[in-house]
Amino acid sequence: MAEHDNPTFDDDSTHSASTFSSLRGRQSVRATFKLTDSCIEAISIVAAQLGIKQKSLFDHLFSDTNTLSSIARKFRNARLEASSHRIQKTYVLSRGALVSLEDIAKSFNAPRDALIELSVQRLLPIIDRERRRHATRKAVFGKIKKHLTEGRRLLEEAFAELGEEDPITDRMGAAMGVYESAYRHMAAFLEKSESIERFEPAGFNKVEIVFEDD
């Protein structure tokens, strides 16, 4: 019996260790980077437009080790240009994503902050797509606003001609209450997304770096 018990115990230990390692990798940590205004804004825009946390965005970018290694390989033995203006920004990301970023940066002697900027630049097509969608949303929202104004006018007429207690007035009032709430949520979303209108992708298409001698 003892000979059969040991393999089972070993399997459980391996599974437990693997599970613990996985959980540790998903543990949230804070890390401070020095990034350009455009990079910081791009991160914020993409997360807001896709409705995800910035932590999830970093996890997606840095967990793709093949792509990250490919980027780092092109910038082996490089350093950031000292004159480039950068801002210290602290983000929350998973321990696994941070370890992946730092290990690859170290392996290729590539600047960590540059790898972040270059990774975020991969999101520019998403921003371009969302800018067009944002313009369409605003156009549709303009029509919704006109429709809401007409609904308010109809409700006022119902109150005046049928009275507050009439079933038609009551149901119309309930419907308009839902409409008003939805309108406020749509307006808040568009206001939150205004930064995408000011973002200039052309100003975020390069990273100022200097290559060192091997």
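Points worth noting:
- In segment 82-103, the residues that are out of contact with any helix residue (DSSP H, G or I) (no Cβ under 9 Å at 6 or more places or on another chain) and either surrounded by fewer than 13 Cβ atoms within 10 Å (Cβ to Cβ) or farther than 19 Å from Phe204 by Cβ (or both): Ala82, Ser83, Gln88, Thr90
- Of residues in segment 113-161 being exposed (fewer than 13 other Cβ atoms within 10 Å of the Cβ) and of a type in the set (Gly, Ala, Ser), the one farthest from Lys55 (Cα to Cα): Ala160
- Applying the criterion of at least 3 residues that are modelled with pLDDT of 90 or more and polar (S, T, N, Q) to the helices (runs of 4 or more DSSP H) found wholly in segment 1-102 leaves 65-74.
- When Asn77 is tested against (1) under 22 Å from Ile40 (Cα atoms); (2) in contact (Cβ under 8 Å) with a residue 60 or more places away in the chain, only condition (1) is not met.
- Residues satisfying the stated conditions in segment 172-201, i.e. assigned to a helix (DSSP H, G or I), within 18 Å of the chain's Cα centre (by Cα) and either of a type in the set (Val, Ile, Thr) or farther than 20 Å from Thr149 by Cβ (or both): Lys192, Ser195, Ile196, Glu197, Arg198, Pro201
- Of residues in segment 63-81 being touching a strand residue (DSSP E or B) at 6+ places or on another chain (Cβ under 7 Å) and more than 19 Å from Phe204 (Cβ to Cβ), the one surrounded by the most Cβ atoms within 10 Å (Cβ to Cβ): Arg79
- Residue in segment 163-171 that is without any contact (Cβ under 8 Å) to a residue 40 or more places away in the chain, assigned to a helix (DSSP H, G or I) and surrounded by fewer than 11 Cβ atoms within 10 Å (Cβ to Cβ) present: yes
- Residue in segment 127-150 that is part of a loop (DSSP other than H, G, I, E, B) and charged (D, E, K, R) present: no
- Flag if Arg86 is farther than 20 Å from Glu194 by Cβ and of a type in the set (Lys, Arg): yes
The values are calculated or read from the model by the stated rules, or taken from the named source; none is laboratory data. Fair warning: this is a prediction, and the values are worked out from it, not measured in the lab. Glycine gets a Cβ as well: all are built from the backbone with ideal geometry, and neighbour counts include every protein chain shown.
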